[in-house]
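Here's the structure, in structure tokens; my notes come after.
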Amino acid sequence: MTQNSNNMNPVTTSAQDDGTKELLLPYVNTLFWCLREGVVFVDRNYEVGAWSQAVEAITGLSQVDSIGQVIRPSLLRLHDSDGNRVPDDQCPVAACLQSGKIRTGDYRIVGPSGREVKVELSATPVIDGENILRGAVVLIHDASVQLDLQRQLRDLYETSVLDPLTQVSN
């Protein structure tokens, strides 16, 4: 799957298919642009072929600046859950492509402005009908709100079990 030159159709088909893919193409493209999840298509050479608007919002990097780039943690400004930069040689997408297995993890992405977003990243191999690895689909879920809600819930629970006068657990 490659990026179409008009930037509105991230998915294209080969002329050799039976037409079924072309019937599905508008639906796939609409889905790609409507998902709240960030979606990145990466080919087997690690090059970004599609970069959704949600990924733009999460990373602060435009589709124009990202298409054709080699996917690596430094492109995504990927940090581990402790805030340490993920080295390029520990790229979860590269690990997915090398192993042919799904890779998932909790990370942080630091945008160009310094804004930090907690994310769940999942890289899934794309294997064709002939069992050939074609690339990977990377899903990036903004987990900031969910993690903040979990923290608030924990804080409320801790507050609710304390006696207001003595600050001793009930």
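Each reported figure results from applying straightforward, stated rules to the coordinates on display, with no laboratory input. This is a predicted model, so every value here is computed, not measured. Glycine also receives a Cβ, built like all others from the backbone with ideal geometry; neighbour counts cover every protein chain displayed.
Most tightly packed first, judged by the mean number of other beta-carbon atoms within 10 Å of their residues, the peptides 119-130, 86-97 read 86-97, 119-130. Couplings for region 131-137, taken from phi via the Karplus curve 6.51 cos²θ - 1.76 cosθ + 1.60 with θ = phi - 60°, read 6, 9, 5, 9, x, 8, 10 Hz in order; Gly and Pro are left as x.
Applying a DSSP loop filter and a limit of 14 other Cβ atoms within 10 Å to the trypsin sites (Lys or Arg not before Pro) in region 64-170 leaves K101, R115.
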